[in-house]
1. So which residues in segment 241-251 are more than 10 Å from the ligand (Cβ to nearest atom) and either crowded, with 24+ Cβ neighbours inside 10 Å or not in a loop (DSSP other than H, G, I, E, B) (or both), if there are any at all?
2. Just to be sure I understand the filter: pairs with C-beta atoms under 6 Å, separated by 6 or more residues or on different chains, first member in segment 249-275 and within 19 Å of SER222 (Cα to Cα), second member of a type in the set (Phe, Trp, Tyr). Which pairs pass?
3. When you go through (1) assigned to a helix (DSSP H, G or I); (2) at pLDDT below 95 one by one for ALA190, which number turns out not to apply?
4. Looking only at helices (runs of 4 or more DSSP H) that lie completely in segment 1-98, which have at least 3 residues being farther than 30 Å from VAL356 by Cβ, in contact with a helix residue (DSSP H, G or I) (Cβ under 8 Å, 6 or more places away or on another chain) and open to solvent by less than 30 Å² (accessible area, probe 1.4 Å)?
5. When the residues of segment 218-240 are filtered to those that are outside any loop (DSSP other than H, G, I, E, B) and small (Gly, Ala, Ser), which remaining residue is farthest from the ligand (Cβ to nearest atom)?
6. Check segment 324-339 and report whether any residue there is within 16 Å of the ligand (Cβ to nearest atom) and either among the small types (Gly, Ala, Ser) or part of a loop (DSSP other than H, G, I, E, B) (or both).
7. Looking at (1) in contact with an Asp or Glu (Cβ under 6 Å, 6 or more places away or on another chain); (2) on the phi < 0 side of the Ramachandran plot, can you tell me which one HIS390 breaks?
8. Taking segment 153-186 as the region of interest, how many residues are polar (S, T, N, Q) and either touching a Ser or Thr at 6+ places or on another chain (Cβ under 8 Å) or within 25 Å of VAL294 (Cα to Cα) (or both)?
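The values are calculated or read from the model by the stated rules, or taken from the named source; none is laboratory data. Worth saying up front: this structure is predicted, and the values here are computed from it rather than measured. Note that we place each Cβ from the backbone using ideal geometry, even for glycine, and neighbour counts take in every protein chain shown. With ligands, DNA and RNA removed, areas are computed over all heavy atoms of the protein, side chains included. Shrake-Rupley method; radii C 1.70, N 1.55, O 1.52, S 1.80 Å.
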Amino acid sequence: MKMFPQAARLSNAPLSKIREVIESAAREEKSGRSVIHLEIGEPDFSASRCVRDAAMNALQNDSIGYGPIMGQPKLRRAIGDLYGAKYGIPYAEEEVIVTHGVAQGLFLVIMSFLDDGDEILVPDPGYLVYDTLPKIAGAKAIPYDLRPERNYQIDGDMLEAKVTSRTRMILINSPNNPTGTILDENSLEAVRTLARRHNLIVVSDEIYREVIYGGTFSSIASMDGMRERTIILNGFSKYYAMTGWRIGYILCPHDFMDPIMRLSFYNIACPVTFIQNAAYAALTGEQGSYLDMVHEYGERRDFLCKELNDIPTLSCHVPDGTFYVMLDVRKTGMSSDEFCMYLLRDWGVAMVPGQVFGGNGEGFVRISFSVSLDILSDAVKRIRCALERHQRLLLS
Ligand SMILES: Cc1ncc(COP(=O)(O)O)c(C=O)c1O
């Protein structure tokens, strides 16, 4: 019996399994093996010069005391204007709150609107935090299926069957981590119908909305009757390659804002002042390098998917966005865990077993292609050799 047991609300909140993979990979490296890291979900680019300069200038010249709870007005206006000018859904300054990344945005939204026993529908497979945060809040995350046979799109009937009298919210993530799929018009319409019929809040995690390769992304908030019930989460981690800067934002109608703002005050008091100057520079500075970055991801995606689909026992859907591929390993005869373990221990390639993202991820492995083409090419060679050897062992 521990002398100081943790609060019961944390009993269902283990550390992310991706951390375990990262730690196993680090152990392999320590023992002298060269490891290719395809497990990490962050850009291999770094924030642009103007962003770093803006942070440094702010540190040197500006007041860096506490700021407004909701964030600097000029940054909030720039974010709201961006959504208006670029995506056709303008948000006013008072409809934007700056957060410590989408991670804190999710925390604020879940804690502000879910009570004990309430239910939220979350994608399976999906970003693992969606499943855990509601549990910390005393609520229930009810997974809804995204299946490769349906190109990871949403089936309206399946969704309807998940609704109970306790359902309060549905969360969508497009493009999706880990599948890379952009939700199409039919999927969005299914969510819109459900949300209006059952009076649900829709939470739309749009963190990868700019990391797309052709295809079009449209936000559910732009659909008829949806702006008033949608909370958008977005941030600077992926497109602006600012993961460690911990900055993001929430966009929502003013009605939603008051509890979110109060909770953020109790949680962080205010977002970090000088990082907001950097985020403002990212939004308003030259944008060419970000487009180049996405172009490069696109080339890696094409290379990786072609190579993987050429290996007889493997297959993958070509993702519309993000820098992830869900690799189908079912024909190898190995479970996702066995596949990842074998590839890491014997071949030095670190990847994440799909079930980390929910039950539908079993039989799949998430590969992150936020590494150079040369590294990817080495990884593919190792995977190919690993499977040839595995086949030979099966036959011998
Ligand atoms: C779908 C999704 N949402 C949110 C996050 C977290 O974003 P942030 O760095 O802004 O907290 C991630 C990070 O991997 C993600 O994949």
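1. ILE250, LEU251 - these are the residues of segment 241-251 that are more than 10 Å from the ligand (Cβ to nearest atom) and either crowded, with 24+ Cβ neighbours inside 10 Å or not in a loop (DSSP other than H, G, I, E, B) (or both).
2. LEU251/TYR91
3. Failing condition for ALA190: (2).
4. So the answer is 49-61, 73-87.
5. SER222
6. The answer is no; no qualifying residue exists.
7. With (1) in contact with an Asp or Glu (Cβ under 6 Å, 6 or more places away or on another chain); (2) on the phi < 0 side of the Ramachandran plot applied to HIS390, the lone miss is (1).
8. The total comes to 7.
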